[in-house]
Each structure stands twice: as C-alpha cells, then as structure tokens.
Amino acid sequence: MGRIFKSLTFQIILTALLIVGLSLTILSNRLILEFQDELIVKERETLQAVGSQAVERWTRMYRELASSYKFDTISQTQQQEFMRVFLSKSYKDYITSFKDNFPRVGIGYQISLFEPSLVYLNDEARDALAKLTVVLPLKAGAATVGYLIVDRDMPQVLAPLQRVRYEAFKTSTFAVAIGGGATIVLLAFFLLRLLVLRRGVVRLKTNLDAPMPQGGGELGEISRVVTDLAHSLKRSIEEARQTEALKTLGTFTAGIAHEVRNPLTSIKGYANILQKRLQGRPEAKYVTPIADEADRLELLVKDLLTYGRPAPAQPIEFNLREFFQTLGEVMVKQFEDGHAQLDLQVPDLQVTWDARQAEQMFMNLLQNAIQSMADKAGGTVTVAAAAEADRVMVRISDTGIGIKKDDRPRMFTPFFTTKEHGTGLGLPISQKIASFHNGVITFDSAEGQGTTFTVNLARAIKATL
C-alpha cells in the first residue's frame, strides 16, 4: 500500500481528481450563493410591493380623516385622539382582510397611538422560523407615527434553492465522474509516454547514442532536448579527449618540426646550388622535384609550428570591412586562378582582434572555399558579417561541391585532408585561432550545393601573455 501512495501515477491522478472535484464544488457553491442572493432580492421586492399597498391604504385613510375633521385647524393632541378613535379599528380590520389575500406572508404594524400598539398577523406554528422582513414607515403628514411590517418565512423563500442544490449535486457528481474518467485516460496516456521517455533516459546512461522516443507536445520537446544534451555531452567528452591528445601531439610535432627545419633549410640550399650548376643540362630535371618537395615540407613545418606553438594574441582595433577588402586584394590572384568571385557583405564594424591571426584564419577559410569550387569551374564566395551584442558573426559561403557526410565529423581533426597536397592543419589552426578570440567555428554543408563556415568571435579580446 505504501508503494501505491508513493507512486507518481497515483499522486497525479488523485491530485487531478481533487482539483476537478474542488473546482466543481467551488463553482456550484458560488452559483448557488448567487441564486440565493437573487431569490432574496426578488422576494424583498415582492414584500416591498405587498407592503406598499397597505401603506397606501393607511395614507388614504389618514387623508380622509384629516380632511373630514380639518386637522390643519386643531391641535396635534386632538389629531392623535381622532386617529386613535377612528383609525385603530378600521386599519386593523383592513390589515386582517388584507392578510387573507397573502396567506404565506406575515403582516402587521406598530403604531404607538393605537391600543394595542402592535398588531402582527402570522401563522403561530412558523413564528420560530427565520424571517425575511421588510419594514415601511407609516406617516401622518410629514411625521412618522409607526411602521408596517411585512415578512415571510426564510425556508419558504429558499425552497426553490433546495431543488437547485439537488440538481447541482447531481450535475457535479456526473461531471466529476466524467472529468475524472477523462483525466485518468489522459494521465494514463501521459504517464505511458513519460515511462517510455524515462526508459530512453536510462538507456543513455550506458549509450549516449541510444535513440530517444519522438513525439509532439512538451514531452516531445523534452525528448529532443535530452537528445541534444546527450549529443552535446558526447561531443564534449570526445573534444576533451581530443584536446588532451592534441595538446600532446602539438608539443610533439612542434619539437619535431623545429628539428626538421634546419636540415630542410640545408636541403633547399643545396638544391638551389645544384639547380644553378646544372642549368641547361638534362640532369637539371631531377633537381626541380627536390626543390618543390622541400618547399612543400617547409610549408608543413610552418603549419606544425603554428599549430603546436601558436604565438600569443596581440589584439588591435581595426575596421572589419576594410580588413576583408584588403584580404580580397591580397588573394585576388587565387580568386582569378579559381575563376571565383568575391561578394563582400560586411558592414563598417570596429573589432579588436589579432589582425595577423585573423588574416591567417580567414585566408584559410577563403582558400578552402575557392578550392571547393574548382570542379565547378568557379563560383561565388560570399562573406557576410553582423554584430550581435558583444559578439561578431562572420559567415563565409561558397557554391562548391559541399562536404561529404562521412567527412564532416573529422573536418577539424589535425592531418585530415581531402586535398591532394593538403597538410590537414588549416582548419585545426583556424579553430585554435578562433578559440584565442573567445569563439568557435562551425559549418553547414550540403553536397553539391556548397558550404557555409560561421565564425563566432568576441567583438573585442584582451592581449594574451
């Protein structure tokens, strides 16, 4: 039994039923109270109308007496005496006969001049019942000489309310039953989906790639958020592992590159000497590949040193539009060779970045864009930028062949390249530069349609030591 009470299903269903029942009870009681107030107001108006007839009769009897005995010429004491003699019995007789026309209404009056001063006509068996009473003044000219009392037993007034309460009880009971049944069905459906979602979350403990149940509504949104969080967590774990591995790799490659650079310089020097001495001789053709491969190795060493031991950021303030205009001029030959066009959509925007590192990062991205359109015999590279609060978003889009789906997870992995003579360090170096600027590089690609790299950087950075 304790497990049932602790069950979330039981608690939700019980809570829902209590809410439905309490809401209907409050609503029905509110309606009953409003109906009761309306009954009392209408009954009071009825008693007011009944009493007004008796008051009107008193006024008429007083005026006839005052006219007959010329009350305006006699003293007040004489007026009261005439009223006591002539009106006491006649008004009592009128009230008695008037009462017969309204058997359910109690009626009477209190006039101190009369004997007896209080006359009240009602069913004696109902005297102890609560009354709804209306009191009207009885006037002799401008003076009030007494009061007319009209009342009715409150149980009679509220009799229709009993029928309403009975009907309200039946309706509420029926509504609670229907609402409770519907609530149980809906909650059962909800809890079933919640149970499926829970099982999916449990599976994520051992497998972050485990599929989560899909669907609409709030639970569907929760499922999608949990899936995104699981994927983000997996990426974070992989990135943490990769970061540690790359840190070790960076230190190692930087040391190797430093040791290789000196012998490589000697090889290039001797290749140049041989090229000059063998100029015009058939053996010169063997020297050219040595020089070319030495140049390629030198580029690789340069990238390795840049990746393994990046220089500290030295930020300066500059105009982003002018920066890209200058970069376009520097790369104009590459655009011409690739039959590509540059479309700048960069506003006048002041940023504080390391200009040299930013040039290297964006040059890498622009070169990749140009090379991706080589198989299409050219295209358009669009550079767009916008400021969002303290961030700057730069998007570099091309109309090239796009990135294959299998290659996308490895785009920022060192030494991974799809180019014949690439080093596979351009994008990793660019990502590292972006991290120095408190930012990140992401991309979106569609095969055969093109790729967009988005560089999200802080608008201003501080110098690093």
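Out of the strands (runs of 3 or more DSSP E) lying entirely within the range 29-140, which hold 2 or more residues that are touching a Ser or Thr at 6+ places or on another chain (Cβ under 8 Å), of a type outside the set (Asp, Glu) and touching a residue at least 12 places away in the same chain (Cβ under 8 Å)?
Working: elements: 106-111, 118-121, 131-140.
Because the criterion is at least 2 residues that are touching a Ser or Thr at 6+ places or on another chain (Cβ under 8 Å), of a type outside the set (Asp, Glu) and touching a residue at least 12 places away in the same chain (Cβ under 8 Å), the strands (runs of 3 or more DSSP E) in the range 29-140 that meet it are 106-111, 131-140.
Would you point out the residue of the range 446-465, among those that are charged (D, E, K, R) and touching a residue at least 60 places away in the same chain (Cβ under 8 Å), that is surrounded by the fewest Cβ atoms within 10 Å (Cβ to Cβ)?
Per the criteria, the residue is Lys462.
Would you check which residues across the range 315-363 are touching a Leu at 6+ places or on another chain (Cβ under 7 Å), over 24 Å from Ala377 (Cβ atoms) and aliphatic (A, V, I, L, M) and list them?
Hits for the range 315-363 are Leu320, Val346, Leu349, Val351.
Tell me which residues, restricted to the range 419-445, are more than 19 Å from Trp353 (Cβ to Cβ) and without any contact (Cβ under 8 Å) to a residue 12 or more places away in the chain.
Glu420, Gly422, Gly424, Asp444
Gln76 passes all but one of (1) touching a Phe, Trp or Tyr at 6+ places or on another chain (Cβ under 7 Å); (2) modelled with pLDDT under 90; which number fails?
(1)
Considering only the range 141-168, state which residues are at pLDDT below 70 and in contact with a Ser or Thr (Cβ under 8 Å, 6 or more places away or on another chain).
Ala168
The values are calculated or read from the model by the stated rules, or taken from the named source; none is laboratory data. Not measured: the values here are computed from a predicted model. Note that each Cβ is placed from the backbone with ideal geometry, even for glycine, and that neighbours are counted across all protein chains shown.
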